[in-house]
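Asker: Pasting a structure below so you can have a look.
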Amino acid sequence: MSSLIVKNALIVTQDKDRRIIKGDILVEDNLIVQVGKVTGDADEVIEAGGDIVMPGMVNTHSHIAMSVMKGVADDVPFGKFLDKVFAIDSDRQEKDLLAGAKLGAMEMLLSGTTTFVDMYYSEDIIAKAVQQAGLRGVLCWAVLDVQFTTQKGVPLDNCKRFFAEHKDQERIYPGIGLQGVYVCSTETFQASEEFSRSSGALMHFHLSETRKEVYDHKDKTGKRPADYLESIGVLSDRCLAAHSAWLTINEVKALGRNGCSIATCPVSNMKLATGGVAPIPEMMMNGVNVSVGTDGSTTNNSLDMFGEMKMLALLQKSYRWDPTILPAQQVLDLVTLNGAKAVHLEMEIGSIEVGKKADMVILDGKAPNLRPLLPDNVVSNIVYCGNAGNVKTVLCDGKAVVRDRHVRTMDQKKVLEESEPALISLRKGH
Ligand SMILES: [Zn+2]
């Protein structure tokens, strides 16, 4: 058994009472076994010296292999953006996919994310980066109709194979990544739902990201996307819908009554200027579990959940002319507890409590942007003042994968050096 103590911290527990505790945390193997005053010794002692400890964040929508595609399609109209990204994406090589996944994994660790949901083809390559980094990855293999894909064979069969090969691997949770109603037929959705029901795999999909997508689908089927998905019987609490910006109140209610989760991606939506602001307050009122995702590095272009928290809160407040919407505590809940629930890991992660897995982030309590720092302003400071640069140390599954801003699990220099050749090679011919 290995043990680790974090000493003298300001602990943002995110427990039922949202307690803020000044004290220590004892970790044995991968579990939190004591929160409060810890006496005695351990294999590894981290002296926090007043630093903030918060639960590792959960990013519920990303495409991390695209991390080496930064800047390839910025500042262009949405149609051109899609053409460019699809063209590059369809002939990527294994080597640059891995380089992208490693770079993305490293960026996430260094910005305080310990669990992420990914949607892409070649999740087997991304799984390698996740294993090496020591992160938790909910890896959803891209599923779409055969006529729209560049994958060899049938995408759902590839997804099932990936699931069988990875379901017992530590920190890997294989899932189904349906690209969206525009490339997935009723049959593809229903066959995926059947597989999800029998296996328990998460059903992750893009939903109503753009107005065009909604109107095209309505022209084709007579129904808006979320209404349609309910009518074909595929909505359940195994569903995590990304974006979900262009929804009617009836669609919000449909997601709520079926127990669905959504991943709102405010930065991605704003950068692409698709014009939609997700109806977050209505979702919360109607029982939808709201979580937060960054989306990929061609649309954000960052995997930083601190940026996402602040942007989400400000966008919602500004859009509704109402500063009381999404207070700091609620925003922090979305990226911790709600994120954990969205991937069905709420019993294991999302808060710092005895019995949960030790996924925790230590923020620099000496950083001027986080001061003055008191128990009653720490949550506000995390949400409105915090940034990725404040992350000092990260524990995932009980292991200190980042210590004093150094990634222990990866060759940091090599990962960085591999990123430019990957970008240059994927740009060729496009
Ligand atoms: Zn996406």
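The values are calculated or read from the model by the stated rules, or taken from the named source; none is laboratory data. Keep in mind the model is a prediction, meaning the values are calculated, not measured. When we count neighbours, we look across all protein chains shown, and the Cβ atoms used for this are built from the backbone with ideal geometry, even at glycine.
Asker: Answer yes or no as to whether MET305 is assigned by TED's automatic domain parsing to the domain that holds ARG19, surrounded by 23 or more Cβ atoms within 10 Å (Cβ to Cβ) and within 21 Å of the chain's Cα centre (by Cα). Reasoning before the result, please.
Answerer: On the way: assigned by TED's automatic domain parsing to the domain that holds ARG19: no; surrounded by 23 or more Cβ atoms within 10 Å (Cβ to Cβ): yes; within 21 Å of the chain's Cα centre (by Cα): yes.
Taking the combined requirement at face value, the residue does not satisfy it.
Asker: Turning to a different aspect of this structure: Given (1) in contact (Cβ under 8 Å) with a residue 12 or more places away in the chain; (2) within 18 Å of ASN8 (Cα to Cα), identify the lone condition not met by ALA388.
Answerer: Unmet for ALA388, out of (1) in contact (Cβ under 8 Å) with a residue 12 or more places away in the chain; (2) within 18 Å of ASN8 (Cα to Cα): (2).
Asker: May I ask you to say which residue of GLN151, GLN147, GLN190 is modelled with pLDDT under 95, under 28 Å from LYS212 (Cα atoms) and in a helix (DSSP H, G or I)?
Answerer: On the way: GLN151 fails: in a helix (DSSP H, G or I); GLN190 fails: modelled with pLDDT under 95.
From the options GLN151, GLN147, GLN190, the qualifying one is GLN147.
Asker: Assess whether LEU10 counts as being in contact with a Pro (Cβ under 8 Å, 6 or more places away or on another chain) and hydrophobic (A, V, I, L, M, F, W, C).
Answerer: On the way: in contact with a Pro (Cβ under 8 Å, 6 or more places away or on another chain): yes; hydrophobic (A, V, I, L, M, F, W, C): yes.
Yes.
Asker: In the range 155-169, which residues are in contact with a strand residue (DSSP E or B) (Cβ under 9 Å, 6 or more places away or on another chain) and in a loop (DSSP other than H, G, I, E, B)?
Answerer: Looking only at the range 155-169, we keep the residues that are in contact with a strand residue (DSSP E or B) (Cβ under 9 Å, 6 or more places away or on another chain), and these are 155-156, 158-167.
Passing the criteria: only LYS167.
Asker: Please return the ranges of strands (runs of 3 or more DSSP E) entirely within the range 11-90 where 2 or more residues are surrounded by fewer than 24 Cβ atoms within 10 Å (Cβ to Cβ).
Answerer: Numbers: elements: 20-28, 31-36, 44-47, 52-55, 57-62.
Answer list for the range 11-90: 20-28, 31-36, 44-47.
Asker: Is there a residue in the range 212-229 that is closer than 16 Å to VAL154 by Cα and away from the ligand (no atom under 16 Å from the Cβ)?
Answerer: Residues of the range 212-229 closer than 16 Å to VAL154 by Cα: none.
The answer is no, given that none of the residues of the range 212-229 is closer than 16 Å to VAL154 by Cα and away from the ligand (no atom under 16 Å from the Cβ).
Asker: Inside the range 228-255, can you point out the residues that are under 25 Å from the mean Cα position of the chain (by Cα) and not hydrophobic (A, V, I, L, M, F, W, C)?
Answerer: Result: GLU230, SER236, ASP237, ARG238, HIS243, SER244, THR248, GLU251, LYS253.
Asker: Residues of the range 379-430 being among the hydroxyl-bearing types (Ser, Thr, Tyr) and out of contact with any strand residue (DSSP E or B) (no Cβ under 8 Å at 6 or more places or on another chain), which ones?
Answerer: From the range 379-430, those among the hydroxyl-bearing types (Ser, Thr, Tyr) are 380, 384, 393, 409, 419, 425; that's our starting set.
If the condition is that a residue be among the hydroxyl-bearing types (Ser, Thr, Tyr) and out of contact with any strand residue (DSSP E or B) (no Cβ under 8 Å at 6 or more places or on another chain), then SER380, TYR384, SER419, SER425 are the ones that fit.
Asker: If you check THR298 against the conditions, is it touching a residue at least 12 places away in the same chain (Cβ under 8 Å), within 12 Å of the ligand (Cβ to nearest atom), over 24 Å from HIS344 (Cβ atoms) and of a type in the set (Ser, Thr, Tyr)?
Answerer: Details: touching a residue at least 12 places away in the same chain (Cβ under 8 Å): yes; within 12 Å of the ligand (Cβ to nearest atom): yes; over 24 Å from HIS344 (Cβ atoms): yes; of a type in the set (Ser, Thr, Tyr): yes.
Yes, satisfied.
Asker: Being crowded, with 22+ Cβ neighbours inside 10 Å and assigned to a loop (DSSP other than H, G, I, E, B) is the filter; apply it to the range 238-268 and report the residue that is farthest from the ligand (Cβ to nearest atom).
Answerer: Result: ARG238.
Asker: Out of the range 269-287, which residues are farther than 30 Å from ALA101 by Cβ and either within 16 Å of the ligand (Cβ to nearest atom) or part of a loop (DSSP other than H, G, I, E, B) (or both)?
Answerer: Result: GLY275, VAL277, PRO279, ASN286, GLY287.
Asker: Out of ALA226, ALA245, ALA241, report the one residue that is touching a strand residue (DSSP E or B) at 6+ places or on another chain (Cβ under 6 Å) and either free of Cβ contacts under 8 Å to residues at least 40 places away in the same chain or outside the structural domain of GLU123 (by TED's automatic domain parsing) (or both). Spell out how you get there, then give the answer.
Answerer: Working: ALA226 fails: touching a strand residue (DSSP E or B) at 6+ places or on another chain (Cβ under 6 Å); ALA245 fails: touching a strand residue (DSSP E or B) at 6+ places or on another chain (Cβ under 6 Å).
Residue meeting the stated conditions: ALA241.
Asker: Here is a further query. Which of the residues spanning the range 56-77 are within 14 Å of the chain's Cα centre (by Cα) and away from the ligand (no atom under 15 Å from the Cβ)?
Answerer: Of everything in the range 56-77, those that are within 14 Å of the chain's Cα centre (by Cα) and away from the ligand (no atom under 15 Å from the Cβ) turn out to be GLY56, MET57, VAL58.
Asker: Just one of the numbered conditions (1) of a type in the set (A, V, I, L, M, F, W, C); (2) under 24 Å from LYS366 (Cβ atoms); (3) within 16 Å of the ligand (Cβ to nearest atom) is not true of ILE88; which one?
Answerer: Going through the list (1) of a type in the set (A, V, I, L, M, F, W, C); (2) under 24 Å from LYS366 (Cβ atoms); (3) within 16 Å of the ligand (Cβ to nearest atom), ILE88 breaks only (2).
Asker: What are the residue pairs meeting all of these: first residue in the range 104-129, first residue closer than 20 Å to ALA201 by Cα and in the same structural domain as CYS239 (by TED's automatic domain parsing), second residue acidic (Asp, Glu) and within 16 Å of the ligand (Cβ to nearest atom), Cβ atoms under 6 Å, and 6 or more apart or on different chains?
Answerer: ILE126/ASP118
Asker: Mind listing just one residue for me: the one in the range 159-218 that is of a type in the set (Lys, Arg) and surrounded by fewer than 15 Cβ atoms within 10 Å (Cβ to Cβ) and, of those, farthest from the chain's Cα centre (by Cα)? Don't jump to the end; show me each part of the working.
Answerer: Pass one, the range 159-218, residues of a type in the set (Lys, Arg): 160-161, 167, 171, 197, 211-212, 218.
Cutting the leftovers down to surrounded by fewer than 15 Cβ atoms within 10 Å (Cβ to Cβ) gives us 161, 167, 197, 211-212, 218.
Working: ARG161: 23, LYS167: 19, ARG197: 23, ARG211: 24, LYS212: 25, LYS218: 29 Å.
Here the answer is LYS218.
Asker: Within the group ALA101, ALA142, ALA164, ALA105, which residue is farther than 27 Å from SER244 by Cα and modelled with pLDDT of 95 or more?
Answerer: Unique residue meeting the criteria: ALA164.
Asker: When the residues of the range 189-210 are filtered to those that are in contact with a Cys (Cβ under 9 Å, 6 or more places away or on another chain) and of a type in the set (Phe, Trp, Tyr), which remaining residue is nearest to LEU272 (Cα to Cα)?
Answerer: By that ranking, first place goes to PHE205.
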